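> Got a structure for you, questions after.
The values are calculated or read from the model by the stated rules, or taken from the named source; none is laboratory data. Worth saying up front: this structure is predicted, and the values here are computed from it rather than measured. Quick reminder, even Gly has a Cβ in these numbers, built from the backbone with ideal geometry, and neighbours come from all protein chains shown.
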Amino acid sequence: MKLDFLVNSLMSGGAERVLVLLANYFNKKGHEVSIITFNEPDIWKPDEGIKRVRLHDGKIKNHMIRSLFNLFKYYKKKENRPDILLPFIIHTNLIGIIIGKLYKIKTVAAEHNNHLEKTDKIGKFTRKYGYRFGSALTVLTNFDKPYYKKRKVNVHTMPNPCAFDIYKEENRNRKKQIIAVGSLDRYHHKGFDNLIKIVSPVLKNHPDWKLRIVGGGEKGLDVLKDIAEQEGATDHIVFEGFSSKVSAIMRASEIFIMTSRFEGLPMVLIEAMSQGMACISYDCISGPSDIITHNVNGILVENQDSEKMKIALEELIKNPEQRIKFAKESINSLDKFNIEEIYNKFINLFKSL
């Protein structure tokens with residue numbers, strides 16, 4: 001089967017990372033796979049054997065129109081057209097659906113945030129009207145299905161895959177580190193501004209612990225450094241920058257914390273669990289509760305309640321036995337995110353179109 005994955009760029013985001021993981025797996029399974037982008041950067045690197053198509057050129061200033069035109073021109077050649085077009089993320093989804101409709105290509109769009117996420121006019125139009133014209137739409141949790149079904153969209157729940165090697169730990173010997181991961185430029189989305197304020201007083205009570213934030217973004221870095229300075233916490237917080245070795249950092253650390261204001265299905269939380277971390281997260285509208293069962297394989301804190309998050313985090317720091325229990329249960333709870341299961345779900349979806 002010939003599959004084209006379509007995304008704006010391979011920047012260091014979670015959705016882009018999922019796209020590359022899926023593309024790699026479909027390639028491994030013997031499908032003819034391409035990844036098409038409209039812009040730089042290329043942070044995530046797909047495996048050899050995957051065709052990279054960069055439709056980055058053109059004098060049209062409007063990004064949306066330029067991308068539409070470039071994809072239209074590329075698919076003018078019949079030999080370039082796939083069996084299935086798989087656009088990722090809301091604006092690219094609309095581009096893929098329009099071009100797919102023009103060339104009668106089956107298009108399976110992928111939403112990576114819940115439908116309540118704030119977006120612009122194009123995003124609102126896509127969610128309200130655009131998706132019904134695609135062949136199918138995948139969403140990360142069942143939370144979104146009723147919204148799209150009302151709009152006559154062929155919607156399917158498709159969780160993010162866990163393609164990480166499960167870390168089997170014989171003896172727990174980890175650094176006293178709390179890890180958060182995400183683009184610093186998306187600090188409001190990821191709640192990093194609040195995270196620093198939450199963690200600062202806790203770390204002052206436990207000076208042998210550190211918060212390590214892994215992720216790139218120069219604008220966000222400046223904002224977050226200012227907050228850390230205001231909180232008097234610069235000695236307790238490490239800004240790691242972007243890393244392609246997130247799993248290794250997780251394996252060496254005790255606690256993973258997620259303070260997002262909204263999520264789809266956070267892949268980074270699945271990754272943290274696969275690496276045996278004790279996980280604590282806000283119970284934001286969708287996502288974390290599909291992964292964490294409260295007090296079984298992690299802690300869910302009432303959404304955006306910073307005082308409760310401080311208390312729960314401090315208790316987790318004080319209780320190594322609880323961290324070990326959560327870590328073991330986390331690894332046992334990941335079967336539903338197995339990449340082979342997700343692959344089979346995609347194949348069944350393709351066959352149904």
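> Where residues in region 43-54 are surrounded by 16 or more Cβ atoms within 10 Å (Cβ to Cβ) and touching a Lys or Arg at 6+ places or on another chain (Cβ under 8 Å), which of them is farthest from I339 (Cα to Cα)?
Checked region 43-54; the qualifying residue farthest from I339 (Cα to Cα) is W44.
> Now for a separate question. Going through region 99-112 one residue at a time, which ones are of a type outside the set (A, V, I, L, M, F, W, C) and either surrounded by fewer than 21 Cβ atoms within 10 Å (Cβ to Cβ) or not in a loop (DSSP other than H, G, I, E, B) (or both)? So that I can check it myself, show each step before the final result.
Pass one, region 99-112, residues of a type outside the set (A, V, I, L, M, F, W, C): 100-101, 103-104, 106-107, 111-112.
Those that are of a type outside the set (A, V, I, L, M, F, W, C) and either surrounded by fewer than 21 Cβ atoms within 10 Å (Cβ to Cβ) or not in a loop (DSSP other than H, G, I, E, B) (or both): G100, K101, Y103, K104, K106, T107.
> Right, next: State whether the residues of region 61-84 include one that is of a type in the set (A, V, I, L, M, F, W, C), surrounded by 21 or more Cβ atoms within 10 Å (Cβ to Cβ) and within 23 Å of K351 (Cα to Cα). Break it down stepwise before answering.
Taking region 61-84 as the starting set, the residues that turn out to be of a type in the set (A, V, I, L, M, F, W, C) are 64-65, 68-69, 71-72, 84.
This time we only want the ones that are surrounded by 21 or more Cβ atoms within 10 Å (Cβ to Cβ), so: 71, 84.
Remaining after also requiring within 23 Å of K351 (Cα to Cα): 84.
Yes, region 61-84 contains at least one residue that is of a type in the set (A, V, I, L, M, F, W, C), surrounded by 21 or more Cβ atoms within 10 Å (Cβ to Cβ) and within 23 Å of K351 (Cα to Cα).
> Yes or no: G96 part of a helix (DSSP H, G or I) and surrounded by 22 or more Cβ atoms within 10 Å (Cβ to Cβ)? Outline the logic, then answer.
Numbers: part of a helix (DSSP H, G or I): yes; surrounded by 22 or more Cβ atoms within 10 Å (Cβ to Cβ): yes.
Answer is yes for this residue.
> Given the structure, is N27 farther than 20 Å from E111 by Cα and either of a type in the set (S, T, N, Q) or buried (at least 21 other Cβ atoms within 10 Å of the Cβ) (or both)? Spell out the reasoning first.
On the way: farther than 20 Å from E111 by Cα: yes; either of a type in the set (S, T, N, Q) or buried (at least 21 other Cβ atoms within 10 Å of the Cβ) (or both): yes.
It is true that N27 is farther than 20 Å from E111 by Cα and either of a type in the set (S, T, N, Q) or buried (at least 21 other Cβ atoms within 10 Å of the Cβ) (or both).
> While we're here: Please go through region 298-353 and pick out each residue that is of a type in the set (S, T, N, Q), part of a helix (DSSP H, G or I) and farther than 24 Å from L21 by Cβ. Don't jump to the end; show me each part of the working.
Going through region 298-353, the residues of a type in the set (S, T, N, Q) turn out to be 303-304, 306, 319, 322, 330, 332-333, 338, 344, 348, 352.
Filter once more, keeping what is part of a helix (DSSP H, G or I): 306, 322, 330, 332, 344, 348, 352.
Listed by number, the residues that qualify are S306, Q322.
> Of all strands (runs of 3 or more DSSP E) completely enclosed by region 1-81, which ones contain at least 1 residues that are within 30 Å of D120 (Cα to Cα) and among the acidic types (D, E)? Reasoning before the result, please.
Details: elements: 2-7, 32-37, 51-54.
Passing ranges, in order: 2-7.
> With A109, A136 as the choices, which residue is of a type outside the set (S, T, Y), farther than 23 Å from S289 by Cα, under 16 Å from the mean Cα position of the chain (by Cα) and not assigned by TED's automatic domain parsing to the domain that holds E240? Walk me through it before giving the result.
On the way: A136 fails: under 16 Å from the mean Cα position of the chain (by Cα).
Going through A109, A136 in turn, the sole match is A109.
> Turning to a different aspect of this structure: Take the residues in region 119-169 that are of a type in the set (S, T, N, Q) and under 20 Å from L349 (Cα atoms); name whichever of them is surrounded by the most Cβ atoms within 10 Å (Cβ to Cβ).
The extreme case among them is N160.
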